[in-house]
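For reference, the structure discussed in these notes is given below.
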Amino acid sequence: MEKRPRSFYVLATFFTLFMLFLYGPTITIAILSFQGPSGGLTFPMRGTSLNWFRELFLQQAVGDIWGSFRRSLVLGLMVMVTTVVISVMAGLAFRRHFPGSTVLFYLVIGSLVIPSILVSMGIGLLFDRTGLGNHWSTSAFGAHLTWTLPFGILIMFAVFNRFNPAYEEAARDQGASTWQVFAHVVLPLIAPALVGVALFGFTLSYDEIARTILASGSRNTLPLEIWGMTTNVTSPVLYALGTLTTIFSLSLVGLVILSVTIMQRRRARNGSDAGSGIV
């Protein structure tokens with residue numbers, strides 16, 4: 001058996017420490033959320049129970065937890081759908097060079113380097129001065145798009161840069177219309193990337209604070225509600241909420257990975273069936 005070099009163990013140790021640093025706080029919060037009824041926010045734990053998870057569902061729970069969760073969920077879905085649609089349209093548009101395309105590209109990506117709090121402040125002032133008022137479904141929606149669209153567009157640019165136009169030409173040779181080419185050729189091929197763009201759009205919106213705080217109006221989203229609770233909640237109910245939201249996020253990521261895996265296996269199976277049919 002070949003002996004591993006010393007660098008392997010050094011890098012493995014570094015990676016292990018990095019993973020502990022990355023997930024240690026989340027694991028700590030998850031453990032403390034199972035404190036007993038008399039437990040506090042720190043170690044040592046005073047028994048174990050599900051008491052603080054039960055407190056989340058009581059009417060006297062501190063804050064508008066479930067209302068803010070619904071708002072974050074709806075806002076995340078709105079941002080997700082909009083990000084996917086605009087990213088695909090932008091990816092298709094930039095396949096052909098047009099006057100000003102380079103400037104437009106850098107303008108879109110430029111929002112990533114602007115401090116998020118300034119974006120939130122600017123959009124909040126814009127909606128306020130125009131009389132539209134700040135609301136989580138309008139001004140905060142726009143603020144979130146300045147964060148999600150650049151990522152979605154970059155992903156679609158990478159996808160279409162590797163896209164083989166021969167598939168589209170073959171479909172047109174068979175008499176397919178422009179819409180049929182897109183719906184039956186392009187869309188199935190880029191579907192895994194669309195799932196990734198959707199995941200980016202939803203999770204970035206669902207977790208966003210800086211671009212929401214000055215543009216959401218009087219109603220909090222879930223991240224803002226949790227941030228506000230840190231100043232007035234002194235029980236592990238805050239940790240229980242964090243644990244549930246983490247489970248929700250990880251479940252969403254797992255569902256996306258499962259969906260992409262199923263699509264890839266189905267496409268591979270269809271390709272092999274088509275190949276066997278040709279033979």
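The values are calculated or read from the model by the stated rules, or taken from the named source; none is laboratory data. For clarity, every value in this text was computed on a predicted model and none was experimentally measured. Don't worry about glycine lacking a Cβ; one is built from the backbone with ideal geometry, like all the others, and counts go over all protein chains shown. For the accessible areas, the whole protein counts, side chains as well, though only heavy atoms, and no ligand, DNA or RNA atoms are used. Shrake-Rupley method; radii C 1.70, N 1.55, O 1.52, S 1.80 Å.
Please list, by residue number, every one of the chymotrypsin sites (Phe, Trp or Tyr not before Pro) in region 13-59 that is coil in DSSP and has at most 16 other beta-carbon atoms within 10 Å.
On the way: sites: F14, F15, F18, F21, Y23, F34, W52, F53, F57; in loops: F34, F57.
Here the sparse-neighbourhood loop sites are F57.
For region 63-232, with only Lys/Arg (+1) and Asp/Glu (-1) charged at the beta-carbon, what is the dipole magnitude about the Cα centre, in debye rounded to 20? Before the final figure, lay out the partial values.
Numbers: 9 positive and 8 negative charges, 33 e Å.
Value, rounded to 20: 160 debye.
Once both axes come from the Cα atoms, what is the angle between helix 101-110 and the longest principal axis of the chain, in degrees from 0 to 90, rounded to 10?
Computed tilt is about 10 degrees.
Angle, helix 116-129 long axis vs. longest principal axis of the chain, Cα atoms, 0 to 90°, nearest 10?
90 degrees
What translational diffusion coefficient, in µm²/s and rounded to a whole number, does the Stokes-Einstein relation yield for region 1-151 at 4 °C and a viscosity of 1.567 mPa s, taking the hydrodynamic radius as the Kirkwood radius over Cα pairs?
Details: Rh = 20.7 Å.
Result for D is 62 µm²/s.
In Å², what does the accessible area per residue of the chain work out to with a 1.4 Å probe? Mind showing how you got there, number by number?
Values: 17100 Å² over 279 residues.
Per-residue value: 61 Å².
Leaving out ligands, DNA and RNA, what percent of the accessible area of the chain is carbon and sulfur, probe 1.4 Å?
Values: 11560 of 17100 Å².
Ligands and nucleic acids excluded, carbon and sulfur give 68 percent.
From the residues L187, T102, F202, which one has its Cα farthest along the dipole of the chain in the positive direction, the dipole being from +1 and -1 charges on Cβ of Lys/Arg and Asp/Glu about the Cα centre?
The residue sitting farthest along the positive end of the dipole is L187.
Helix 139-161 versus the longest principal axis of the chain: what angle, 0 to 90°, nearest 10, using Cα atoms?
The answer is roughly 40 degrees.
Solvent-accessible area of W227, probe 1.4 Å, all protein chains present, reported in Å² to the nearest ten, please.
Rounded to the nearest 10, the figure is 140 Å².
Above 22 angstrom, tally the Cα pairs of region 63-232 and express them as a % of all pairs, no decimals.
Values: 7356 of 14365 pairs.
Result: 51 percent of Cα pairs exceed 22 Å.
From largest accessible area down, sort M263, M121, M89; use a 1.4 Å probe on the protein chains. Walk me through the intermediate numbers first.
Numbers: M263 65, M121 90, M89 120 Å².
Sorted descending by solvent-accessible area, the residues read M89, M121, M263.
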